[in-house]
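Trainee: Quick one: this structure, given as structure tokens, is what I'll be asking you about.
The values are calculated or read from the model by the stated rules, or taken from the named source; none is laboratory data. Note that the coordinates shown come from a computational prediction; the quantities given were computed from them, not determined experimentally. So basically every Cβ, Gly included, is an ideal-geometry build from the backbone, and we count neighbours across all protein chains shown. These accessible areas exclude ligands, DNA and RNA; they are computed on the full protein's heavy atoms, side chains included. Shrake-Rupley method; radii C 1.70, N 1.55, O 1.52, S 1.80 Å.
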Amino acid sequence: MPIAKVNGVEVEFEPGMTVLQVAELAGEEIPRFCYHERLSIAGNCRMCLVEVKPGPPKPQASCALPAAEGQEIITNSPMVKKAREGVMEFLLINHPLDCPICDQGGECDLQDQAMGYGRDDSRYADNKRAVEEKFMGPLIKTVMTRCIQCTRCVRFITEVAGVPEIGLISRGEDVEITTYLDKSVTSELSANVIDLCPVGALTSKPYAFNARPWELKKTESVDVMDALGSAIRVDSRGPAVLRVLPRLNEDINEEWISDKTRYAVDGLSRQRLDQPYVRKGSRLQPVSWAEALDLVATKIKAASPDRVGVIAGDLQDAESMKAAKDLFGSLGVKNVDCRQDGMALGAGPRESWLFNSTIAGIEHADAILIVGANPRLEAPVFNARLRKRWLAGALRVGVIGEQADLTYGYDYLGAGPETLSGLAKSKSDFVKALKDAKAPAIIVGTGALGREDGGTVLAAAAAAAKTFGLTWNVLHTAAARVGGLDMGFIPGEGGKSAREMAAKGALDVLFLLGADEIDLTASKAFTVYLGTHGDAGAHKADVVLPGAAYTEKDGLYVNTEGRVQMGYRAVFPKGEAREDWSVLRALSDRLGATLPYDTLAQLRAKLFADHPTFGQIDYVPAAPAAIDFATLGTKGPASDTPFASPIKAFHLTNPIARASVTMAECAAVVSGAAKIAAE
């Protein structure tokens, strides 16, 4: 490996690294505004100036200068210090003195680097220029006079998000960042530009003027808006969650999160269930916990076990599902299901419902077949990873299902099961590429497996995987799904599935554990809803029991690749609401089937003992040696209905998001119901 000297210290580095990267290998801090590790090099802020020998006797931009054998890099010479002070002076010529009213205050790269590398005065006394504000939609607030034209936002939207809607116009002093035709930014990842902006030009519109960073309590947790399990930080003050930010996790979300993850949090304080309710006549009336639990226990005792059912929702933690499974299992109830969408998975080896390539590992694939999934809507951060692999020029993608804009090129093969079944006989270019690929993979979505003929489609997808030697991957949309399948939260022998439980006359008592995505119009059962929001489940319920949201409890979640992750409580539950497992524990007393744990620690010990995979925190399963594809799915006729993603409105997929005013505004913009262009 080549060797360079950094301030007199020899450093080995990999060929292709820049001078900035080599200097950081040596432990030297290099200031920068435009440079970012995950974006292309722009080299336009000039803050990263260093002295390099051999070379011209002048400061050079280290971010854009390739490192070479025998170079001597000097980062702290008087020349470098003076040059950085000059650059900072130029950057501040037009920057307004907005720090006291700027939302970036306390988290501002410009503030920090002006203190560390700038002069203590300025030699310029000219009037500062002013720039007109831009409209970027309901999420991004702009104060473009503060902009230093680092172009991070332009490069992110173009390169990572794949929706080139922000650009640079004009030249010289007149240069401005703007959206094309003053339209709202429509990417599902758009708000990451707020984190990337090193000044206060792009800030969070819903969070504007709410708090300063030093006022907030910061809690590391896990996202539940999709099945990816992105690493997040929940910032709260008192009883309120004020914002969610991404945490670095190279294996899952790198440093990005979706707009829904970031902004649905205002839904945590709206339409909340904060006390028990019982339906009296046609209206739900507030009651005490004792009265509500007694009524539920009476109804369950009066019904035979085969007439009682439990459906778990998409946002549930593993502990609540374990408590429900243990309680109703002890009563002889076999009608339990965590698959509101009717997904045809749950029996067989664990690998059959996991994303076996792993999220980070998909970057090694050279050909991918996507069946019945729209990754851009179902897992936007994962879709950005697919785009990154595609941009490297080493990925061929084929799609069977919806012909949507995925932000990368793909071969459209067909719309439904017929195309999937006939894939082996196809003579298309993509099929040839699939046969020749060294690391091919298949991604099967809920749009294929959640249909009435899901079992048949599963068998066809498994046959294709076997024929072409594809790594088997299932892209889930529900944060609770893999955890539920891992613990066997599916119907027992002779038990009914979620869809069967929702049928007319199927049950006498139906217990909804945060389940809001299933149509219960036909059901006449006595319905109990344990959840967080006044959503579909609560509207149908005869008894409403208030539960805790994901930011209000410690909980385990298993993502689509089978990685068990731990979320932590940031704030306490609202009003009289309680953690779901504790409500089930109290109900078990009244049913005479007391659960054998009194604390969360005891519950987790039972969970780990019964299902050891839950004890492997932050561990991703190794790739399976082989999956017996012949055991997956069922034989039978397949419908000719095209595959369709279950997500029609990205911003409104769960009770928290549907209660969010910000998400409603985003959905209106996407649907065209709101004003899109600034007037």
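Trainee: Enumerate the amide H contacts of I140 below 5 Å, restricted to partners 5 or more residues apart or on another chain; note that Pro and chain-start residues carry no placed amide H.
Mentor: Distant-sequence amide H within range of I140: K205.
Trainee: If you average over every viewing direction, what projected area does the convex hull of the Cα atoms of segment 273-420 give, in nm²? Could you put the intermediate results ahead of the total?
Mentor: Numbers: hull surface 54.5 nm².
About 13.6 nm², averaged over all directions.
Trainee: Hey, if you put +1 on the Cβ of every Lys and Arg and -1 on every Asp and Glu Cβ in the chain, which of Q113, T467, V154 ends up farthest toward the positive end of that dipole?
Mentor: T467
Trainee: Grab the Cα-Cα distance for R212 and A601, subtract it from 0.36 nm times how many residues apart they are, and report the gain in nm with one decimal.
Mentor: Values: separation 389, 0.36 × 389 = 140.04 nm, distance 3.49 nm.
So the extension gain works out to 136.5 nm.
Trainee: Would you compute, for the Cα atoms of segment 332-407, the largest minus smallest coordinate along each principal axis and list the three values in descending order, in whole Å?
Mentor: Here the spans come out as 55, 25, 20 Å, largest first.
Trainee: Once the Cα atoms of segment 103-168 are picked out, what are the Rg and Dmax in Å?
Mentor: 14.8, 42
Trainee: Averaging sequence separations of C-alpha pairs under 8 Å and six or more residues apart, then dividing by the length of the chain, give the relative contact order as a whole percent.
Mentor: Computed over the chain, the figure is 15 percent.
Trainee: Let me ask something else about it. Show the residues, 5+ positions off or on another chain, whose built amide H is closer than 5 Å to the amide H of R396.
Mentor: Result for R396 returns A367, I368.
Trainee: If you put +1 on each Lys and Arg Cβ and -1 on each Asp and Glu Cβ, how big is the dipole of the chain around its Cα centre, in Debye rounded to 20?
Mentor: For the chain, the charge dipole is close to 1020 debye.
Trainee: Further question on the same structure: Across segment 38-49, in residue order, what do the Karplus-derived ³J(HN,Hα) couplings come to in whole Hz, using 6.51 cos²θ - 1.76 cosθ + 1.60 with θ = phi - 60° and x for Gly and Pro?
Mentor: After applying 6.51 cos²θ - 1.76 cosθ + 1.60, I find 9, 10, 5, 7, 9, x, 10, 8, 6, 7, 8, 5 Hz.
Trainee: Tell me the trypsin sites (Lys or Arg not before Pro) within segment 409-440 that lie in a loop according to DSSP and have at most 12 other beta-carbon atoms within 10 Å.
Mentor: Passing both the DSSP loop test and the Cβ count: K427, K438.
Trainee: May I pose another question? For the chain, take the longest principal axis of its alpha carbons; what is the angle in degrees between that and the long axis of helix 600-610, to the nearest 10 within 0 to 90?
Mentor: 70
Trainee: Suppose we keep just the alpha-carbon trace of the chain; what are its Rg and Dmax in angstrom?
Mentor: 27.5, 90
Trainee: Accessible area, 1.4 Å probe, largest first: how do F608, F156, F468 sort?
Mentor: From most exposed to least exposed: F608, F468, F156.
Trainee: On a 0 to 90 degree scale, rounded to 10, what angle separates helix 289-302 from the longest Cα axis of the chain?
Mentor: Once rounded, one gets 50 degrees.
Trainee: Along segment 69-84, what does the Karplus equation 6.51 cos²θ - 1.76 cosθ + 1.60 (θ = phi - 60°) give for ³J(HN,Hα), rounded to whole Hz, x for Gly and Pro?
Mentor: Rounded to whole hertz, the list is 4, x, 5, 10, 10, 10, 10, 10, 6, x, 4, 5, 4, 5, 5, 5.
Trainee: Once you put a point 7 Å from the Cα of E500 and another 7 Å from the Cα of A360, both along the Cβ direction, what distance in nm separates them?
Mentor: 4.2
Trainee: In nm², what is the average projected area of the convex hull enclosing the Cα atoms of segment 43-108?
Mentor: Average projection, Cα convex hull of segment 43-108: 5.8 nm².
Trainee: Continuing with this model, one more query. Could you list the chymotrypsin sites (Phe, Trp or Tyr not before Pro) in segment 522-556 that lie in coil according to DSSP, counting only those with at most 13 other Cβ atoms within 10 Å of their Cβ?
Mentor: Nothing satisfies the criteria.
Trainee: Then there is this: Once Rh for segment 429-545 is found with the Kirkwood sum over Cα pairs, what is the Stokes-Einstein diffusion coefficient at 20 °C and 1.002 mPa s, in µm²/s?
Mentor: Using the Kirkwood radius from Cα pairs, D works out to 126 µm²/s.
Trainee: List the residues whose amide H sits under 5 Å from the amide H of V6, counting only those 5 or more places along or on another chain, with H placed 1.01 Å from N in the peptide plane.
Mentor: Under 5 Å from the amide H of V6 lie the amide H atoms of V11, I73, each far enough along the sequence or on another chain.
Trainee: Between the helical axis of 380-391 and the dominant principal axis of the chain, each derived from Cα atoms, what acute angle in degrees is found, rounded to the nearest 10?
Mentor: 50
Trainee: Additional query: Take the residue pairs K260/K388; K322/K574; K432/K466; K574/K648; K553/K574; K299/K334 and return only those whose Cα atoms are more than 19 Å apart.
Mentor: As for pairs spanning more than 19 Å Cα to Cα, those are K260/K388; K322/K574; K574/K648.
Trainee: Which whole-Hz couplings ³J(HN,Hα) result when phi for each residue of segment 267-277 is put into the Karplus expression 6.51 cos²θ - 1.76 cosθ + 1.60, θ = phi - 60°, listed in order with x for Gly and Pro?
Mentor: x, 5, 10, 10, 6, 7, 8, 10, 7, x, 9
Trainee: Now for a separate question. With a 1.4 Å probe and every protein chain left in place, work out the accessible area per residue of the chain in Å², rounded to a whole number.
Mentor: On the way: 27380 Å² over 679 residues.
It amounts to 40 Å² per residue over the chain.
Trainee: Starting from segment 91-195, pick out the GluC sites (Glu not before Pro) whose DSSP state is loop and whose Cβ has at most 10 other Cβ atoms within 10 Å.
Mentor: Sparse-neighbourhood loop GluC sites (Glu not before Pro): E132.
Trainee: If I take all pairs of Cα atoms in segment 93-234, what percentage of them are more than 22 Å from each other? List each step's numbers first, then the result.
Mentor: Values: 4526 of 10011 pairs.
Counting pairs separated by more than 22 Å, the tail of P(r) holds 45 percent.
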